[in-house]
Amino acid sequence: MADSDTALDIDTGTRPRFTVVTIAYNNLAGLRRTVESVDAQDHPSYEHLVIDGASTDGTVDWLRELPENPARTVVSEPDKGIYDAMNKGLRAARGEILIVMNSGDTFTGPDTLSLIAADHAEHGWDWAYGAIRMTDPTGRPIGAYSFDPFKHHLFTLGLAWIPHASVAVTRELADKLGPYREDLGSVADQEYLMRAAAVVAPRVITWFLADYEMGGVSQQSSARARELAWHRMRAETGQLWRNSRLADRAVAETLAFGQVLRAAAKRVHGQVSA
C-alpha cells in the first residue's frame, strides 16, 4: 500500500473500461462492504482506486492485509476532506467510464458494471445514473429512490436529486467538467452534476445500480442552508430561476420555509397521535 501522492502515478497502459473511486475515512465496516462489492463485479475490465484519509480505526491495517489484486490501488494519507479525496482519485483514474462510490456504498449486484457497459454501448451517453436502495450502517436496505425520468427544472431547483453513487461519467465529459468544488461543502457532488446537466442531459438507467448508506454529511445541514447552497449552485452554473438572482433567492427562501412548516406539522401530528 502506498502512502503518498506518487502512489497515484499509475502505469498508463491499456485503459480499463471502468474506474471506481472509493474514498474512505474511519469507516472500516463500510469500506469492507464496498471493496467486497467491487471485487464481486463480473465485468472483466475495471480498476478500483481506494483513497483513504489516513484512518485511525484499523482501516489502514486492513487495507495492508488485503489479498493482492492488480485491479486495486490503495493510497492512505491525510487529505483536505471528501472532495479533495475524490479529486485525487479522478486525477489518477485511467478508465473510460468513471464512478465514485464512497465507503459504505455498494453496487446493487455483481452484474452492475456489465449492465452499465451494455447500456453505454447501446445508447452512447456522456453520463448516466440509476436508482438506488438506501441502507442502514449494516448494509440492510431500508428504502429506495429513483429520479426517473430526469427533469432539468426539478433537479436545478433541488426538488429532486441525483444519487451520486449511481452516477457514471465518461472520461471525455469528466475532463470537460474539471474537479469537484471543494469550497461548496456537502452539496459539491450535486453541483458537479448540475454542471454536467448544463452540458448534456443524462441518460437514466431504469434499474437499481447502487446501495447508498444513509447518514452522510449531506443529510446534516438545515433546510435553509441547503436551499441557499442550491441557490448558489444555480447562480454559479448560470441556471438561475427566471435568469434572476433576486427571483431565485426568493424561490430558495420559499422552499426552505416550506420544509420548516412541513417538519413542524409532522412533529405536531406525532404529538397528537401519541
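The values are calculated or read from the model by the stated rules, or taken from the named source; none is laboratory data. Note that the structure is a prediction, hence the values are computed from the model and not measured. Cβ atoms come from the backbone with ideal geometry, glycine included; neighbour counts cover every protein chain shown.
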Revision key, fill the gap. Among residues of the range 186-196 being modelled with pLDDT of 95 or more and not hydrophobic (A, V, I, L, M, F, W, C), the residue farthest from the chain's Cα centre (by Cα) is ARG195
Exercise for review: Within the range 47-62, identify whether any single residue is out of contact with any Ser or Thr (no Cβ under 7 Å at 6 or more places or on another chain) and touching a residue at least 60 places away in the same chain (Cβ under 8 Å), and answer yes or no.
Suggested key: no
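For the range 81-89, check the following and say yes or no: at least one residue is of a type in the set (A, V, I, L, M, F, W, C), touching a Pro at 6+ places or on another chain (Cβ under 9 Å) and assigned to a helix (DSSP H, G or I).
Kept after step one, since they are of a type in the set (A, V, I, L, M, F, W, C), are these residues of the range 81-89: 82, 85-86.
Subset that is touching a Pro at 6+ places or on another chain (Cβ under 9 Å): 86.
Remaining after also requiring assigned to a helix (DSSP H, G or I): 86.
Looking through the range 81-89, at least one residue is of a type in the set (A, V, I, L, M, F, W, C), touching a Pro at 6+ places or on another chain (Cβ under 9 Å) and assigned to a helix (DSSP H, G or I).
Yes/no per residue for (1) over 26 Å from GLY81 (Cβ atoms); (2) in contact (Cβ under 8 Å) with a residue 12 or more places away in the chain; (3) part of a helix (DSSP H, G or I); (4) among the basic types (Lys, Arg):
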site	(1), (2), (3), (4)
VAL187	no, yes, yes, no
LEU193	no, yes, yes, no
ALA196	no, yes, yes, no
HIS231	no, yes, yes, no
LEU246	yes, no, yes, no
VAL260	yes, yes, yes, no
Check your understanding: If you go through the range 142-185, how many residues are assigned to a strand (DSSP E or B) and either under 13 Å from the mean Cα position of the chain (by Cα) or of a type in the set (Asp, Glu) (or both)?
Key -> 2
Review point. For the range 90-128, what are the residues that are assigned to a loop (DSSP other than H, G, I, E, B) and among the aromatic types (Phe, Trp, Tyr)?
Key: TRP125
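Being of a type in the set (Asp, Glu), modelled with pLDDT under 95 and surrounded by fewer than 19 Cβ atoms within 10 Å (Cβ to Cβ) narrows it down to one of ASP39, ASP61, ASP3, ASP84, so name that one.
Values: ASP39 fails: modelled with pLDDT under 95; ASP61 fails: modelled with pLDDT under 95; ASP84 fails: modelled with pLDDT under 95.
Exactly one of ASP39, ASP61, ASP3, ASP84 is of a type in the set (Asp, Glu), modelled with pLDDT under 95 and surrounded by fewer than 19 Cβ atoms within 10 Å (Cβ to Cβ), namely ASP3.
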Review point. Can you tell me which residue in the range 132-153 is farthest from MET194 (Cα to Cα), limited to those that are touching a helix residue (DSSP H, G or I) at 6+ places or on another chain (Cβ under 7 Å) and modelled with pLDDT of 95 or more?
Key: ILE132
